[in-house]
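Worksheet for the structure shown next.
The values are calculated or read from the model by the stated rules, or taken from the named source; none is laboratory data. Note that this is a predicted model, so its numbers are computed, not measured. As a convention, Cβ positions derive from the backbone with ideal geometry for all residues, glycine included, and neighbour counts pool all protein chains shown.
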Amino acid sequence: MTSFSHRDPSTRGQGMTSQRARDRLVDDLAKNGIRDRRVLDVMRQLPRHLFIDEALASRAYENTALPIGQGQTISQPFVVARMTEALIEAKLPRRVLEIGTGSGYQCAVLAQLVEQVYTVERIDELLRSARRLFRKLGISNVRSRHADGRLGWAEEAPFDAIILTAAGTHLEDALLAQLAPDGCLVAPVGPAGRQQLLRVRADAEGWVHESLGAVSFVPLLGGTG
């Protein structure tokens, strides 16, 4: 795991962005049902305040989603933890595809746990910002691409796991086709107000869908911007 606190003074934070604030957040996540110690340890270390606008930094360690511009949000920490936990529960994947880089926070969490993350973002400005943060934090096992996330990253398939940080009304066949036979996909699915977090795995009968509860995500859009 990368040791962020010694790379740059800004990663340490102070006051509402200090290590004590991260510790309180992680304690809250554990009390609310996050059990995987690997996930909790990563989120205890990772400076979430760097992934949001400086004006909102004092709220970085609240358990809430926050705006990041371009009509997008950084997900609630509990949701990030739950999705990560669900993705690695059965086994730790080696290669993960993320659809929707956004702020880069979910990707950075995954990068501390798996060998390689491939992340796709349709909004160029967000992707550029995330790339700068990855460099600042010394995260070197992420490959990123500016493209339509609904198409995945076929040239690098198959992936051991796929995670979506935006909600489509259905699961894209192109993404399921890029999942390894024993892989796992975690994604919010459904229209606004009726979204469910799904975990999808294959068995001898086909795809097995498991609902992990209600969520609220921005919509999965096509094209690039």
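Just to be sure I understand the filter: pairs with C-beta atoms under 9 Å, separated by 6 or more residues or on different chains, first member in region 85-102 and modelled with pLDDT of 95 or more, second member among the small types (G, A, S) and part of a loop (DSSP other than H, G, I, E, B). Which pairs pass?
L97/G152; L97/A157; I99/G152; I99/A166; G100/A166; G102/S75; G102/A166
I need the full set of residues from region 181-209 which are surrounded by fewer than 19 Cβ atoms within 10 Å (Cβ to Cβ), farther than 22 Å from Q72 by Cα and at pLDDT 95 or above, in order please.
Hit for region 181-209 is R199, nothing else.
Enumerate the strands (runs of 3 or more DSSP E) found wholly within region 60-110, keeping only those where 2 or more residues are over 29 Å from D173 (Cβ atoms).
Here the list reads 66-69.
Which one of these does G168 not meet: (1) buried (at least 22 other Cβ atoms within 10 Å of the Cβ); (2) more than 22 Å from Q72 (Cβ to Cβ)?
Of the numbered conditions (1) buried (at least 22 other Cβ atoms within 10 Å of the Cβ); (2) more than 22 Å from Q72 (Cβ to Cβ), the odd one out for G168 is (2).
Filter region 41-62 down to the residues that are surrounded by fewer than 19 Cβ atoms within 10 Å (Cβ to Cβ) and under 15 Å from the mean Cα position of the chain (by Cα) and list them by number.
none
Return the residue satisfying two criteria in turn: it lies in region 115-132 and is of a type in the set (S, T, N, Q) and part of a strand (DSSP E or B), and of such residues it is farthest from L92 (Cα to Cα).
Among them, the one singled out is T119.
Among residues belonging to region 210-225 that are part of a loop (DSSP other than H, G, I, E, B) and not aromatic (F, W, Y), point out the one that is modelled with the lowest pLDDT.
Residues of region 210-225 part of a loop (DSSP other than H, G, I, E, B): 216-218, 220-225.
With the extra rule that they be not aromatic (F, W, Y), the set shrinks to 216, 218, 220-225.
Details: S216: 93, V218: 93, L220: 95, L221: 93, G222: 91, G223: 92, T224: 93, G225: 81.
The qualifying residue modelled with the lowest pLDDT is G225.
To keep it simple, each residue is scored yes or no on (1) among the hydroxyl-bearing types (S, T, Y); (2) farther than 22 Å from P188 by Cα; (3) out of contact with any Leu (no Cβ under 8 Å at 6 or more places or on another chain).
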residue	(1), (2), (3)
A55	no, yes, yes
Q70	no, no, no
Q76	no, no, yes
L113	no, no, no
V117	no, no, no
S129	yes, yes, yes
L137	no, yes, no
S140	yes, yes, yes
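Starting from region 157-181, take each residue that is assigned to a helix (DSSP H, G or I) and list its partners that are surrounded by fewer than 19 Cβ atoms within 10 Å (Cβ to Cβ), counting only C-beta distances under 6 angstrom and pairs at least six apart or across chains.
A174/L151
Looking at (1) touching a helix residue (DSSP H, G or I) at 6+ places or on another chain (Cβ under 6 Å); (2) closer than 25 Å to D36 by Cα, can you tell me which one S211 breaks?
Among (1) touching a helix residue (DSSP H, G or I) at 6+ places or on another chain (Cβ under 6 Å); (2) closer than 25 Å to D36 by Cα, S211 violates only (1).
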